[in-house]
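Remarks on the structure that follows.
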Amino acid sequence: MAPLQTPLCSEIGIDHPVVQAPVGSVSTPSLAAAVADAGGLGMLAMSWREADAIRDAYTDAANATDGVVGVNVVLDESTGVLSPSACLDACLDAGASVVSFSFGDAGPYIDRVHEVGGTAMVTVASAAEARAAADAGADVVVAQGREAGGHVQSDVTTFALLPRVADSVPVPVVAAGGLGDGRGLAAALTLGADGGWFGTRFVATEESGAHERYRQRIVDAPETATRFTDLFDRGWPDQPHRVLETDEVQRQAGHDSDEMDGPSDADQIAQMPDGEPISRLADMPPLAGMTGDVEALPHYAGQSTGLAQDVRPAGEVVVRLVSDARAALADASAAAE
């Protein structure tokens with residue numbers, strides 16, 4: 001497939017302006033490598049890994065592809081296994097050349113990425129934040145809208161935020177939140193973006209670390225089936241997030257904490273594959289190999305859920321996104337003539 005080139009592609013060294021969002025614990029080396037192999041930017045969430053696990057995950061992904069694999073570092077000190085600084089050190093030690101920062105001030109960290117010849121991406125929620133990130137040296141800014149799944153920084157919808165950010169900075173801009181197919185990518189490019197950031201769509205792929213039932217729920221859910229909440233805050237206090245509206249979400253939302261019937265919120269409800277317990281309202285999504293009541297865990301997903309119609313290999317998703325974006329752009333051009 002011929003490259004679909006934008007300034008983002010030139011900046012990072014990828015063929016297509018498709019970024020796989022660093023979807024927390026669901027991100028796996030095989031997912032990142034598959035996206036990178038198809039010409040997009042594969043990403044690994046690193047803040048919930050120990051230093052050795054960070055190095056191992058990046059090495060596994062990088063060794064599996066000739067493409068580009070990036071990493072994400074969350075800057076909020078209230079979450080994560082390591083401090084942001086230690087997490088960044090481990091990422092750079094592993095050889096990461098593209099580092100994405102989110103949920104905090106990236107200014108103190110960008111120079112460290114540039115010192116190793118890397119590219120710094122910064123997620124923003126406003127035009128003012130975008131300007132501050134660019135002034136601090138960010139090479140790429142990611143404009144995240146409120147439609148996004150998982151933990152959300154913004155109160156503004158993606159397509160209201162995107163043109164404002166694109167008009168505000170001289171660096172490539174990536175649109176995030178609510179993009180689920182090639183038409184969304186084409187629309188983002190038309191509004192000034194240089195690429196699209198896809199999370200929910202890549203959760204529903206064969207290589208993701210999501211539990212089978214989690215992936216299928218995304219496929220089956222309509223666009224109206226998510227809720228913006230701060231319910232699952234054990235592990236990341238007070239951070240808003242968007243999840244599928246499961247039975248557990250509806251049950252919790254219908255009661256005040258002092259009026260809850262049934263099991264205690266602190267009860268163990270599921271187990272990791274190694275037997276580690278997971279309590280109710282933990283910020284851990286259902287992962288492959290988990291046992292117990294995985295339906296009660298947070299199913300992070302954006303409002304693009306209605307567009308993920310099947311679970312397929314991640315490389316095929318990239319190809320489809322690009323081909324459908326080309327078709328949409330061609331149709332728009334023809335309609336304007």
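Only the coordinates and a few stated rules stand behind these numbers; no lab work does. Remember, predicted model here, so these are calculated numbers, not experimental data. A quick note on method: Cβ atoms are made from the backbone with ideal geometry, for glycine too, and the neighbour counts reach across all protein chains shown.
Working note: Karplus 6.51/-1.76/1.60 with θ = phi - 60° gives the range 51-57 the couplings 4, 5, 5, 4, 5, 5, 5 Hz, where Gly and Pro are set to x. Look at Ile269, Ile54 and count the other Cβ atoms within 10 Å of each Cβ; fewest to most, that gives Ile269, Ile54.
Remark: spin-label model distance Asp76-Arg234 equals 1.7 nm, labels positioned 7 Å along the Cα→Cβ axis. Along each principal axis, taking the top coordinate minus the bottom one, the Cα set of the chain gives 60, 46, 38 Å in descending order.
A simple packing score, the average count of other Cβ atoms within 10 Å per residue, orders the peptides 25-32, 279-286 as 25-32, 279-286, with the highest score first.
One quarter of the convex hull surface built on the alpha carbon atoms of the range 159-248 amounts to 7.6 nm², the projected area averaged over directions.
For Trp48, the residues 5 or more places off, or on other chains, whose built amide H falls under 5 Å of its own are Val81. For the chain, the antiparallel share of DSSP beta bridges with both residues in that region comes to about 30%.
Note on Glu223/Glu115: beta-carbon distance plugged into 1/(1 + (r/R0)^6) with R0 of 35 Å gives a FRET efficiency of 0.25.
Using a/c under 1.5 as the rounded threshold, could you call the range 75-157 rounded, prolate or oblate? The axes a ≥ b ≥ c are square roots of the C-alpha gyration tensor eigenvalues, and prolate needs a/b larger than b/c, oblate otherwise. Taking the square roots of the gyration eigenvalues as a ≥ b ≥ c, the range 75-157 is oblate. Evaluating 6.51 cos²θ - 1.76 cosθ + 1.60 at θ = phi - 60° for every residue in the range 243-254, the Karplus couplings come out as 9, 5, 7, 7, 4, 5, 5, 5, 5, 5, 5, x Hz, glycine and proline recorded as x. When only alpha carbons are used to place a centre, the range 121-144 and the range 36-55 end up 21 Å from one another. Name all residues of the range 291-311 having a backbone nitrogen under 14 Å from the label point set 7 Å from the Cα of Gln216 along its Cα→Cβ direction, giving them as ranges. Answer for the range 291-311: 294-295, 310-311. Rounded to 0.05, the FRET efficiency of the Glu206 and Arg251 pair, given R0 = 30 Å and the Cβ-Cβ distance, is 0.45. In the neighborhood of Val35, defined by Cβ-to-Cβ distances under 15 Å, what is the net charge if each Lys or Arg adds +1 and each Asp or Glu adds -1? After counting each charged neighbour, the total is -4.
For the listed peptides 186-196, 313-323, a ranking on the average number of other beta carbons within 10 Å per residue, highest first, reads 186-196, 313-323. Look at the Cα gyration tensor of the range 212-296: its axes a ≥ b ≥ c give a/c of at least 1.5 with a/b at or below b/c, and that counts as oblate. Computed on the range 212-296, with alpha-carbon pairs under 8 angstrom and 6+ residues apart, the relative contact order is 29 percent. Distance between the pseudo-spin-label points of Ser83 and Met272 (7 Å out from Cα toward the beta carbon): 2.3 nm.
Using the Karplus relation 6.51 cos²θ - 1.76 cosθ + 1.60 with θ = phi - 60°, the per-residue 3J(HN,Hα) values for the range 134-142 come to 5, 5, 7, x, 4, 8, 9, 10, 10 Hz, with x marking Gly and Pro.
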